[in-house]
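> Before we start, here is the structure in question, set down as C-alpha cells.
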Amino acid sequence: MDMSQYLREMAHAVQTFIPAVWVEHDNVNVISAKVAKLEAATTDGYQRVQEILQVDEADEDGLATALHWDTYFGVDKETYHAGKELDALRQQEDARAFSRSAMSSTILHFAKQGISVVHGDLKGSPPGRDVHGICLSELIWMGRNQGLHWEEGGFGKGVTAVFDKLAAADAVFGDYTDRSMGFEIVSLLGWRDYAAFESDLQSLS
C-alpha cells in the first residue's frame, strides 16, 4: 500500500478527530480574550477614580463617585459574569484535557501507522520537513510513542532525545515525563485540518 492509498482509507477518521481537538481550544481563547479586555477596562475605570480623588480629594462635583459606581455596575459586573463563564469553560476544558490529548495522540498514531505501512519502520521513511531540528518522520514516531505510553515512564533514548530537544526550543515540552504531549505535538505540526495532515504524510511517501 502506498501513502495515497493509506490516506484514502484513513481520511474519514482523521477528518473526525482533528476538528474535535480544536473546537474547545478555540472557544477558550475567545472567552479568555473577552475576559482580559473586561478586566483591563475595570482596572482602568477604578484607576481613573483614584486619579480624580488625588486631584480633588473632596470630590465636590461627585465625578469620582459617579465613575466608581458606573464602573461597578457596568464593566465590573460584566467582568464578573464573563469570569464565571470562563471558570465554567476551564472546568470543561480540564475535564476534557485527557480526551483532547488522547485524540491528538490517536492522530499521531494514524500518522505513525502510515509510516509503518508504507515504509516498514522509521529508518525506511523519508525524513520530511524540519521542526526544531527534528525531522518530521521522527517527530511523528516519537511523539506518538510519548503520547500513548507516557504513563508507563522509562522512555527509550529516541523519545528522550526528541523531547529534550523540543524542550530546549519550547519549555512546554519539558513536561513530557508527566503528561501526554499529543496535543502540543499536533499543535506544533500545525495540524488544524485534514489538508495539513495529508500534506505532511504525502511528503513522507
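> Could you list, ordered by first residue, the pairs with Cβ atoms under 6 Å in which the first is in the stretch 129-157 and more than 20 Å from Ala171 (Cβ to Cβ) and the second is part of a loop (DSSP other than H, G, I, E, B) and at pLDDT 95 or above, at least 6 apart or interchain?
Cys135/Pro127; Cys135/Gly128; Leu136/Gly128; Leu136/Arg129; Ser137/Ser125; Ser137/Pro127; Ser137/Gly128; Ser137/Leu204
> If Ala171 satisfies all but one of (1) more than 18 Å from Leu201 (Cβ to Cβ); (2) at pLDDT below 95; (3) not polar (S, T, N, Q), what's the number of the condition it fails?
(2)
> Follow-up. Look through Leu148, Leu139, Leu166 and report the one residue that is modelled with pLDDT of 95 or more and over 20 Å from Lys123 (Cβ atoms).
Only one candidate qualifies: Leu166.
The values are calculated or read from the model by the stated rules, or taken from the named source; none is laboratory data. Everything numeric here is computed off the predicted structure, so don't read it as measured data. Cβ sites come from the backbone with ideal geometry, for glycine too, and all protein chains shown count toward neighbours.
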